[in-house]
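Heads up: the structure comes next, in structure tokens.
The values are calculated or read from the model by the stated rules, or taken from the named source; none is laboratory data. Because the structure is predicted, anything quoted here is derived from the model rather than measured. Virtual Cβ from ideal backbone geometry, glycine too; neighbours counted across all protein chains shown. Keep in mind that these areas ignore ligands, DNA and RNA; they rest on the heavy atoms of the full protein, side chains included. Shrake-Rupley method; radii C 1.70, N 1.55, O 1.52, S 1.80 Å.
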Amino acid sequence: MGERIHAYFVSLGLPDEEASKLHHHYYSQYGLAIRGLVRHHQIDPLDFDRKCDGSLPLEELLKPDPTLRALLQDIDRSKARVWALTNAYHTHASRVLRILQVDDLIDGIVFCDYSDPNFSCKPEPEFYHNAMAKVGMRDPSKCYFIDDSRANVEAARRLGWGHCVHFCERGLLHVEGGKPKYIGSDIHEEEDTSGIVAVSKLEELRAVWPEIFKE
């Protein structure tokens, strides 16, 4: 994904180094590189989606996850509904969930509507407000939220979402904003006074949120 997004920046006529810097800048400033591209370069977000997310060979990169499926099956649906909140377009999100074979366990998807030039994304407050409206939630304190972006989790927390968890696979190398980065390298537990719980495996949610799982 990082390579394809970088290639998209280069295709706009930017030198390689400048493309990398701008990619990281937009990711840091907006939470999503495409937000900066739409605002400052007037690109077609659906074209971006086709050439980046849509071009990924996901069937070769992902595989069904029985452990994840069991986790979702064990959530008591009389106590909680399960929605996917993503900064991707709905086609990419649906494709990922289908390959993982958990799409039938998801009540719905809150996504970035790339067909709307003014779409919102995490961690912008509007995204979370839209999510609550779509899900039909009025009390943010009853919202359960887990995300692999610390900024996204902190944004939800600021809006009063009551049960926020950071999914942090510490030590894994990934590309963030066009630059390689080790997950968790910028988090220092002794400085964390937010009360946000961090987990490295989704299975840990059984202990963090025992009240929403079947006995």
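Listing for the model above:
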item: CD proxy at 222 nm, helix term only [per DSSP H run n ≥ 4: -39500 (n - 2.57); per residue of the chain; nearest 500]; result: -11500 deg cm²/dmol
item: Virtual spin-label span in nm between Asp116 and Arg138, 7 Å along Cα→Cβ; result: 2.2
item: Tensor-based shape of the stretch 1-51 (alpha-carbon gyration tensor, a/c under 1.5 rounded, otherwise prolate or oblate); result: rounded
item: Average accessible area per residue (Å²) across the stretch 46-110 - probe 1.4 Å, nucleic acids and ligands excluded; result: 53
item: Leading residue at positive end of dipole, the chain (Cβ point charges), from Ala80, Leu58, Cys164; result: Ala80
item: Simple label model, 7 Å out from Cα along Cβ direction - Arg77 to Gln101, nm; result: 1.9
item: Rg over Rh [alpha-carbon atoms, Kirkwood Rh] for the chain; result: 0.95
item: Protection-proxy order for peptides 133-146, 54-67, each taking the mean of Cβ atoms within 10 Å per residue, highest first; result: 133-146, 54-67
item: Above-threshold pairs, the threshold being 21 Å between Cα atoms, out of Lys63/Lys201; Lys142/Lys214; Lys63/Lys142; Lys79/Lys142; result: Lys63/Lys142
item: Most positive-pole-ward Cα, Ala19, Ser115, Gly36, against dipole of the chain from beta carbon charges; result: Ser115
item: Accessible surface of the chain [probe 1.4 Å, protein heavy atoms]: carbon and sulfur percent; result: 52
item: Per-q log10 I(q)/I(0), the stretch 28-121, q = 0.18, 0.22 Å⁻¹ (Debye; single scatterer per alpha-carbon; no solvent); result: -0.88, -1.10
item: Prolate/oblate/rounded call for the stretch 66-152, Cα gyration tensor, a/c under 1.5 rounded; result: oblate
item: Cα-centred dipole magnitude for the chain, charges only on beta-carbon of K, R (+1) and D, E (-1), debye, nearest 20; result: 420
